[in-house]
Amino acid sequence: MEELNNLMHGFAVALTLPNLVYMVVGITLGVLIGVLPGLGGANGVAILLPLTFSMNPTSAIIMLSCIYWGALFGGAITSILFNIPGEPWSVATTFDGYPMAQQGKAAQALTAAFTSSFVGALFAVLLITFLAPLLARFALKFGPAEFFAVQLLTFCSFVGMSKEPPLKTLASMMLGFALASVGLDGVTGQLRMTFGFTELLKGFDFLIAVIGLFGIGEILLTMEEGLAFKGKSARINPRVVLQTWKELLQYWKTFLRSTAIGCWMGITPGGATPASFMSYGMARRMDADPQSFGKGNIVGVVAPETAAHAAGTSALLPMLTLGIPGSPTAAVLLGGLLIWGLQPGPMLFLEQKDFVWGLIASMYLGNLVGLIVVLTTVPFWAAILRVPFSVIAPIIIVICAIGAYTVHSSMFDVVLMLVFGVVGYLFKKLKYPLAPLVLALVLGDMAEASFRQAMLISQGSLAIFWSNGLVGGIASLALLMLVWPMIGALKAYYRARELRPA
């Protein structure tokens with residue numbers, strides 16, 4: 001009951017006229033970001049974050065989160081109409097969405113994708129509404145050792161649960177830790193790895209890094225691939241929407257299964273992309289006609305879109321309650337909270353109720369507004385893709401440069417952005433994951449501070465991380481996640497050895 005009362009208070013905060021305007025603006029910008037390949041939810045939030053510094057934190061986070069919801073919706077448009085994933089998690093949607101468009105069923109495919117996205121997000125927001133306060137109250141018992149154990153679990157989970165090669169994930173994360181340690185040591189006051197550059201006294205700003213790594217890096221890669229748009233146009237009318245909704249009712253099991261997969265992958269550091277592929281594979285395995293997948297089966301659109309939205313939304317749960325982002329976009333939003341002077345974690349629910357519950361209420365409203373916006377404006381977004389990418393790319397680069405300069409009003413940051421852009425391009429070419437680097441860059445300082453505080457309390461003894469059942473369980477699980485790929489490799493080796501003929 002307390003959660004419902006707080007939620008009603010959140011709606012009172014979110015339903016003010018300025019916040020509703022920011023919501024619509026955020027959704028519209030987000031759909032545009034999702035439609036344009038080379039951008040993305042994390043990039044869009046990072047680029048536009050500096051513009052919100054003068055805004056009220058509640059209005060700012062509502063607008064930025066709505067940019068994210070819009071990007072999640074928008075990625076499906078290019079996947080279905082042009083066979084070009086606007087977002088990484090939309091790749092699975094192309095498998096059946098584009099064949100449906102080729103068969104003249106683009107409107108049905110788009111309606112199914114948008115509706116599935118709405119349903120997945122709605123269940124994830126319900127999870128946040130009722131689980132976040134409980135998790136926050138539980139986290140109030142945490143001390144420095146517990147917080148470091150949770151952060152260690154997050155880092156190790158990226159190694160153990162990621163689909164990327166573990167060594168590449170570790171290498172990316174180690175680079176992030178190295179970048180996070182640059183600047184003034186908050187404990188000793190000593191300079192670390194500034195190499196005589198006064199601009200590095202404040203360290204590497206995560207926002208500059210994110211704009212470069214994701215925005216510039218993706219643009220460089222896309223320009224190299226010579227992107228061109230060829231696809232179908234689509235118009236959605238109320239009759240098609242109602243017919244598709246009626247058909248979707250029979251797939252309620254797919255909705256529930258995909259939502260469960262998405263929420264789990266969002267809370268753990270799996271992310272929307274693995275969730276969409278996992279859900280697609282599960283739907284295909286459990287369908288009565290698996291051979292129809294890849295040829296225009298509507299379930300192949302429902303499953304990945306539901307899971308991606310559920311994962312993208314539920315990734316905010318650990319960010320709000322523990323200060324641990326579950327996705328790159330959540331990591332960017334975490335950095336925004338810190339810039340606004342808000343410390344994510346259990347105390348946020350006690351000290352900033354208007355902010356937290358206003359944000360949660362805006363998730364309900366933002367997804368509803370997003371569904372209406374995309375259903376009514378698909379022809380407009382499809383028309384934007386007729387603009388040559390050679391025109392769009394320079395505009396995106398200029399927007400990135402403006403966003404980087406706005407952070408500290410420094411041209412040095414623009415240069416850094418370009419350097420990080422080259423790093424991001426090389427990472428993508430060499431198939432190194434960027435999410436672990438961003439996670440380590442954002443959480444590196446917090447993890448270091450928690451570890452050093454725990455060491456001061458225990459007088460240098462690592463036994464503090466096994467001093468009670470809670471911290472010991474979390475730390476042990478973290479170590480298990482770290483060695484999990486090694487365990488899997490050993491199992492595969494012995495299995496192959498058993499099958500080898502004598």
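Are any of the residues in the stretch 146-154 hydroxyl-bearing (Ser, Thr, Tyr) and part of a helix (DSSP H, G or I)? Yes. Within the bounds of the stretch 256-278, is there any residue that is hydroxyl-bearing (Ser, Thr, Tyr), modelled with pLDDT under 80 and farther than 16 Å from THR115 by Cα? Yes, the conditions are met somewhere in the stretch 256-278. Scanning the stretch 440-452 for any residue that is over 14 Å from ILE324 (Cα atoms) and surrounded by 22 or more Cβ atoms within 10 Å (Cβ to Cβ) turns up nothing.
The number of residues in the stretch 162-202 that are surrounded by fewer than 14 Cβ atoms within 10 Å (Cβ to Cβ), assigned to a loop (DSSP other than H, G, I, E, B) and hydrophobic (A, V, I, L, M, F, W, C) comes to 5. Can you confirm whether the stretch 14-35 contains a residue that is surrounded by 24 or more Cβ atoms within 10 Å (Cβ to Cβ), closer than 16 Å to ILE211 by Cβ and either of a type in the set (A, V, I, L, M, F, W, C) or at pLDDT below 75 (or both)? For the stretch 14-35, residues surrounded by 24 or more Cβ atoms within 10 Å (Cβ to Cβ), closer than 16 Å to ILE211 by Cβ and either of a type in the set (A, V, I, L, M, F, W, C) or at pLDDT below 75 (or both): present.
For the stretch 374-391, does any single residue satisfy the condition of being at pLDDT below 80, assigned to a helix (DSSP H, G or I) and over 30 Å from LEU110 (Cβ atoms)? No, because not a single residue in the stretch 374-391 is at pLDDT below 80, assigned to a helix (DSSP H, G or I) and over 30 Å from LEU110 (Cβ atoms). Need the failing condition index for ASP289 against (1) modelled with pLDDT of 80 or more; (2) out of contact with any helix residue (DSSP H, G or I) (no Cβ under 9 Å at 6 or more places or on another chain), just the number. The failed condition is (1).
Would you be able to tell me the number of residues in the stretch 455-502 that are among the hydroxyl-bearing types (Ser, Thr, Tyr) and within 30 Å of GLY143 (Cα to Cα)? Residues in the stretch 455-502 being among the hydroxyl-bearing types (Ser, Thr, Tyr) and within 30 Å of GLY143 (Cα to Cα): 4 in total. Taken over the stretch 417-437, the criterion of being under 29 Å from THR188 (Cβ atoms) and in contact with a Ser or Thr (Cβ under 9 Å, 6 or more places away or on another chain) is satisfied by PRO436, LEU437.
Does ALA447 satisfy the criteria of being among the small types (Gly, Ala, Ser) and in contact with a Cys (Cβ under 6 Å, 6 or more places away or on another chain)? No, not satisfied. Pick from SER461, SER476, SER410: which is of a type in the set (S, T, N, Q) and in contact (Cβ under 8 Å) with a residue 24 or more places away in the chain? It is SER410.
What do you reckon, is VAL422 in a helix (DSSP H, G or I) and either surrounded by fewer than 20 Cβ atoms within 10 Å (Cβ to Cβ) or basic (Lys, Arg) (or both)? Yes, satisfied.
Table: residues versus (1) at pLDDT 85 or above; (2) farther than 30 Å from LEU220 by Cβ.
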site	(1), (2)
GLY403	no, no
LEU416	yes, no
VAL442	no, no
ILE457	yes, yes
VAL483	no, yes
ARG500	no, yes
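Taking helices (runs of 4 or more DSSP H) as the structural unit, those lying wholly within the stretch 243-319 and holding at least 2 residues that are touching a Leu at 6+ places or on another chain (Cβ under 6 Å) and buried (at least 24 other Cβ atoms within 10 Å of the Cβ) correspond to 299-314.
The values are calculated or read from the model by the stated rules, or taken from the named source; none is laboratory data. Keep in mind that what you see is a predicted model, and the values were worked out from it rather than measured. Cβ sites come from the backbone with ideal geometry, for glycine too, and all protein chains shown count toward neighbours.
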